[in-house]
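One structure below.
The values are calculated or read from the model by the stated rules, or taken from the named source; none is laboratory data. From a predicted model like this one, the values you see are computed outputs, not experimental measurements. Here the Cβ positions follow ideal geometry from the backbone for every residue, glycine too, while neighbour counts run over all protein chains shown.
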Amino acid sequence: SAFLAAPRPTPPPDLPELPLLSFSAQQPHSFLDVEETPESARAATAMKASVLAFACGVAISWAEFCSAYWFVWTLLACHLVGVALLRDYHNERGLLALSAAFVLHAGHASHEVFLWAQDADGADSLGSWSVAVIFVVVLYVHNFCKECVTLPPDYISTLSLFFPVFPAFDAAVVASCLEMFLEW
């Protein structure tokens with residue numbers, strides 16, 4: 001009987017309708033000078049070259065044209081050449097070639113990691129060094145592509161590859177080279 005005497009629930013109150021928020025597409029940035037406009041096509045070209053270089057790196061590793069030791073040393077040599085000799089290099093084709101050279105090493109390292117994970121790598125495999133190579137290359141190419149879509153073409157140089165990690169990372173690469181040389 002107490003249940004029947006309880007007050008009946010009332011319908012919820014009518015709330016006012018809120019207008020839907022409309023998100024319009026952002027207006028493209030207008031630059032005062034045409035030369036200030038970033039070239040996003042450069043990043044797309046770099047990614048196309050990267051895919052081709054990656055496939056070539058996997059093919060080189062699969063065909064066993066050269067040992068993994070040689071590939072790690074050439075990656076370190078590319079890093080040294082880029083940092084020491086090409087400090088402020090601006091040529092678009094040269095930057096694309098340097099980026100593709102790094103990605104070629106990542107393709108080789110990816111195949112080595114695949115073999116290492118299956119315990120099918122040979123005596124010349126470097127195992128965990130291949131993971132470090134992949135990390136380095138992804139970092140460099142990401143920095144390069146990010147700056148291609150952000151900065152005007154005149155500001156893109158080899159520093160676009162190396163700058164965000166420059167001092168500490170270069171010290172780590174030198175220390176790793178010394179460690180690898182001493183173990184070799």
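Annotations
- Residue satisfying condition, being modelled with pLDDT of 80 or more, surrounded by 13 or more Cβ atoms within 10 Å (Cβ to Cβ), out of contact with any Cys (no Cβ under 6 Å at 6 or more places or on another chain) and not aliphatic (A, V, I, L, M), within set GLY94, GLY82: GLY94
- Residues located in region 117-171, provided they are crowded, with 16+ Cβ neighbours inside 10 Å, of a type in the set (D, E, K, R) and either at pLDDT below 65 or in contact with a Ser or Thr (Cβ under 6 Å, 6 or more places away or on another chain) (or both): GLU147
- Counted residues, region 80-97 - those being in a helix (DSSP H, G or I) and out of contact with any Phe, Trp or Tyr (no Cβ under 8 Å at 6 or more places or on another chain): 9
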